[in-house]
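Enquirer: Here it is: the structure, laid out below.
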Amino acid sequence: MKLKLLYACIVFTGLTASALAQDAVDAAATAKIREEGLNHSKVMDIAFNLTDVSGPRLAGSPGLKRAQDWAVAQLKEWGMANAKLEPWGKFGKGWEVQKNYAAITVPYYHAIIAVPKAWTPGTNGPIKGEVVLVKADSVAELDKYKGTLAGKIIIFDTKPLTERTFKSDAARYTDEELDKMAQATMAPRGQRNNAFDPNSPAMVARRKAIGMRTAITAFLLNEKAGLILSQARGTDGTLFTTNGASYADTAKAVAPELETSSEDFQRILRLVKAGKKVELEADIKTEFFTNDLQGYNVVGEIPGTDKKLKEQVIMIGGHLDSWHAATGATDNAAGSAVMLEAMRILKTIGFKPKRTIRIALWSSEEQGLFGSRGYVLNHFGDPKTMELKPEAAKLDAYYNLDNGTGKIRGIYLQGDSAAGPLFKTWLEPFKDLGATTVTISNTGGTDHQSFDAVGIPGFQFIQDAIDYGSRTHHSNQDTYDRLIEDDLKQAATIVASFVYNTSERKDMVPRKPLPTPPTPPAGAPARN
């Protein structure tokens, strides 16, 4: 028994030593990456061009096209191969704001903070009208407004947002929070969340609200209302933007609509409800673009040099599109700038990777990860059937960044426990920069999930939140000024190091078992 135990220990020790030898960090290469990334960074210049120079980057907009063209040109200037715009499929109409002015004129003048909802029309020139409160709990109740709303500014009786908390909305992870993430275990598969049950009270209520909203929109358009005011989420002059219509080229027309800061919206509403006359003037111009309905991703490469491994690919990326109220600095020019900077670092230090390194900057992430999903479908396989293409076996790993300006604190394993020891080793040289945590958990809602859906190792880095969720994400505050230079330098340095280590490894990053294709609904026709 003792001999068997001793033998087992020797075998285990040998295997561990072999794995550690393969994954040991090259100290000299790490030093070069740190020197270039921390002391000679270009990340803020990259971010400046993606934000201030390019402007808002809503999917399909001229601003996104400017940023994409700049990124392709920059990759070429740095000497990357195959730098181009690659179509992923049909998206729909582009749209941008070209003029946006709105102000109260009666009972006094006050310019309001407001942003047109995405994919809504403008006012077709300056308009001036009385603000009218519309209250209707059913379609039938709309009849009382027939013939009275032409040219009017419409407001709804909407509750104020929550009270002020007087707490700072910017934060970094504490040691305790990071430790809790590191100690996480894989949660068992639970029962279906009732919130997504189509017959649940919540879903029934949601469908009813959507139906009512659709009916109101159609009614107001038919009545030729001048403008709709809606209360935006946010406080203290911050407003979070959304879309007011579909980007589809077949979408029905809607009335002009302004998302208004909660403070201005509630001021107008209080006055109107008190019987005070309120008039508002506005001049809003938006434009739709239908000459090219395709969506595109930016791609570029540092070709591999190893005879056996150069056909294998490591990908890094983040989404380049944004919303339209600001210039999308933390969402997600930050992630895109970091990934571009990581490529620049590796090229500048003269790295000749064994495997090919490919960057991809996605479009239409904000509408449903469309750019990355389209790319995965075109290159790697269909998550609906789990029918994979030959390229899927050659993609080593995908690394993503899309959680704001905060520094990297570690990495989410997405349930890939076998990659944990590997990533812990690679993070060792960056303890002094605050990056230590490896968690089995996942963060959702971004492009690494497109890769994970077809069984390719896809990872998102853990980032300090700063004020991403509370202040900048999809808001009019998401500007260059919100970026933290030292955090972006740190992030680009760590990404470049991960890419270097992945490229030089003998084996590919360990993979989880392939996901099971989703079960088709009862009664669905069988696939041929």
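Only the coordinates and a few stated rules stand behind these numbers; no lab work does. Small disclaimer: the values here were computed from a predicted structure and weren't measured. Ideal geometry is used to build each Cβ from the backbone, glycine not excepted, and the neighbour counts take in all protein chains shown.
Enquirer: Hand me the tally of lysine pairs in segment 217-357: alpha carbons under 30 angstrom apart, and the pair either on different chains or 8 or more positions apart.
Expert: The result is 18.
Enquirer: How large is the dipole of segment 321-374 about the Cα centre if only Lys and Arg carry +1 and Asp and Glu carry -1, each at its Cβ, rounded to the nearest 20 debye?
Expert: Its charge dipole is roughly 600 debye.
Enquirer: Assign one of three labels to segment 33-128, namely rounded, prolate or oblate, based on the Cα gyration tensor with a ≥ b ≥ c the square roots of its eigenvalues; rounded applies when a/c is under 1.5, prolate when it is not and a/b is larger than b/c, and oblate otherwise.
Expert: Oblate.
Enquirer: How large is the helix-only mean residue ellipticity at 222 nm for the chain, computed as the sum of -39500 (n - 2.57) over DSSP H runs with n ≥ 4, divided by its residue count, in deg cm²/dmol to the nearest 500?
Expert: Helix-only estimate at 222 nm: -9500 deg cm²/dmol.
Enquirer: Just the ratio, please: alpha-carbon radius of gyration of the chain over 2.2 N^0.38 Å, N its number of residues.
Expert: 1.09
Enquirer: Rank-order 454-464, 273-283 by packing density, defined as the average count of other C-beta atoms within 10 Å over each peptide's residues, highest first.
Expert: Highest to lowest by the protection proxy: 454-464, 273-283.
Enquirer: Among ALA360, GLY304, ALA334, pick out the residue whose Cα is farthest towards the positive end of the charge dipole of segment 287-409, where Lys and Arg carry +1 and Asp and Glu carry -1 on C-beta, about the Cα centre.
Expert: Result: GLY304, furthest along the dipole toward the positive end.
Enquirer: Rounded to the nearest 20 Debye, what is the dipole magnitude of segment 393-527 about its Cα centre when Lys and Arg each give +1 and Asp and Glu each give -1 at the C-beta?
Expert: 520
Enquirer: Once you have a ≥ b ≥ c as the square roots of the Cα gyration tensor eigenvalues for segment 401-480, tell me rounded if a/c is under 1.5, and otherwise prolate or oblate according to whether a/b is larger than b/c.
Expert: Oblate.
Enquirer: Another one. To the nearest 0.05, how large is the calculated FRET efficiency for LEU161 and ALA31 if R₀ is 60 Å and r is the Cβ-Cβ distance?
Expert: The value I calculate is 0.75.
Enquirer: Could you rank the peptides 300-313, 390-403, 67-80 by their average count of other C-beta atoms within 10 Å per residue, with the highest value first?
Expert: Order by mean packing, descending: 390-403, 67-80, 300-313.
Enquirer: Which of the lysines could a cross-linker span from LYS90 if the Cα-Cα distance has to be under 17 Å and same-chain partners fewer than 8 positions apart are dropped?
Expert: Counting by Cα, and skipping residues close in sequence, LYS90 has these lysines nearby: LYS65.
Enquirer: Does anyone have the angle between helix 27-39 and the longest principal axis of the chain? Alpha-carbon axes, 0 to 90°, nearest 10?
Expert: Roughly 30 degrees between the two axes.
Enquirer: Evaluate the charge dipole of the chain about its Cα centre and quote only its size in Debye, nearest 20, assuming +1 on the Cβ of each Lys and Arg and -1 on the Cβ of each Asp and Glu.
Expert: 1140
Enquirer: On to the next question. Classify segment 168-301 as rounded, prolate or oblate from the Cα gyration tensor: take a ≥ b ≥ c as the square roots of its eigenvalues, call it rounded if a/c is under 1.5, otherwise prolate when a/b beats b/c and oblate if not.
Expert: prolate
Enquirer: A further question follows. What lysines sit close enough to LYS180 to cross-link, taking a C-alpha to C-alpha distance under 19 Å and skipping anything fewer than 8 places away on the same chain?
Expert: Partners within reach: LYS407, LYS424, LYS431.
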